[in-house]
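Asks: Can you read through this structure? Questions will come right after.
Please treat every number below as a calculation from the coordinates, not as lab data. Everything numeric in this text was worked out from a predicted model, so none of it was measured. Cβ sites come from the backbone with ideal geometry, for glycine too, and all protein chains shown count toward neighbours.
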Amino acid sequence: MEEEWRRLELEILNCSKCRLSNSRTRAVPGEGNKKALVMFIGEAPGEKEDEQGRPFVGPAGKLLTELIESTGYKRSDVYITNVVKCRPPGNRDPEEDEIEACLPYLLKQIDLIKPKIIVTLGRHAGSTIFRLAGLKWTSMAVNHGRVYVGKIQGREVKIIPTYHPASALYKPPLRRVLEEDFKNTIKPTIDEEMGKKPQPRGKTLLDYI
C-alpha cells in the first residue's frame with residue numbers, strides 16, 4: 001500500500017497531462033491520514049499551496065482547519081486533497097479538460113483510502129464527485145449541508161457538499177453557513193460512522209410547560 005502511494009504521489013508531482021503543468025511551482029497531491037474515514041476534497045490549489053506543495057495551507061486552509069477542529073476531530077484525522085492537483089493561473093476556476101486529466105489521480109486516492117464520507121468544498125468539487133457517484137448536481141445553494149449516498153469505484157460512500165472556505169473569506173455571511181454545515185451535518189455524520197452516540201439535548205423551559 002505504501003509503495004502504491006509513493007508511486008501515485010511521484011506521478012502527480014511529475015505530471016504533464018494538461019496545461020497547468022506549465023505554470024505551476026509544485027503539484028499538490030494531498031496530505032493526511034491515508035486510512036481516513038473522511039476525505040475533504042477541494043477544487044484546486046491556490047498560491048500558498050502552489051508554493052508549499054501542500055493542500056489548504058493559506059487563509060482558506062486555516063479556516064478549514066478551524067472548522068474540522070470544531071467537530072472535535074483533528075486535521076490529521078482526515079485526508080485532504082483537491083480535484084485538480086496544480087494551481088490554475090490567477091486562481092481561476094479549473095476547466096473541464098483539466099479536471100478530466102486529473103480525475104484518475106483522485107479516483108486512485110479514493111480507491112486507496114476507501115473513505116466512508118467525502119466532504120466536497122466548492123461547486124466544482126461537488127459537481128465532479130456527484131457525477132462520479134451517479135448523483136444529480138443542482139447548485140451549491142440547493143445541495144449544500146445534506147448527506148447523499150452514492151457509489152464511487154463500486155463502493156458506497158456518503159457525500160456532503162459544502163461551500164469552499166475561500167468563499168467565506170470573500171463573502172463573510174457564508175462563514176455561518178459553513179459553520180452550520182459542519183455542526184449540523186458533517187459532525188453528526190462522522191460521529192455516526194465512528195459509532196459515537198449523539199449528546200443528549202439539554203432541557204429548555206418548553207420541556208416544563
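Asks: Near the amide H of Gly150, under 5 Å away, which other amide H atoms are found, from residues 5 or more places off or on another chain, if H is placed in the peptide plane?
Replies: Residues meeting the amide H criterion: Val157, Ile159.
Asks: Which ³J(HN,Hα) values, rounded to whole Hz and listed in residue order, are derived for the range 147-160 from phi using the Karplus coefficients 6.51, -1.76 and 1.60 in 6.51 cos²θ - 1.76 cosθ + 1.60 with θ = phi - 60°, glycine and proline given as x?
Replies: 9, 10, 10, x, 10, 10, 6, x, 10, 5, 8, 8, 10, 10
Asks: What full-extension length gain, to one decimal in nm, is calculated for Arg176 and Thr25 as 0.36 nm per residue of separation minus the Cα-Cα distance?
Replies: Full extension of this stretch gives 51.0 nm more.
Asks: Out of residues 5 or more away from Phe40 or on other chains, whose amide H comes under 5 Å of its own, with H placed 1.01 Å from N in the peptide plane?
Replies: Tyr79, Ile80, Thr81, Val119
Asks: Just to check, using Stokes-Einstein with a Kirkwood Rh over alpha carbon pairs, what's the diffusion coefficient of the chain at 20 °C and 1.002 mPa s in µm²/s?
Replies: 122 µm²/s
Asks: What is the magnitude of the charge dipole of the chain about its Cα centre, with +1 placed on the Cβ of each Lys and Arg, -1 on the Cβ of each Asp and Glu, and no other charges, expressed in debye to the nearest 20?
Replies: 440 debye
Asks: How about Lys151: which aspartates and glutamates have a C-alpha closer than 16 Å to its C-alpha, ignoring those fewer than 8 places off in the same chain?
Replies: Qualifying aspartates and glutamates at Cα under 16 Å: Asp111.
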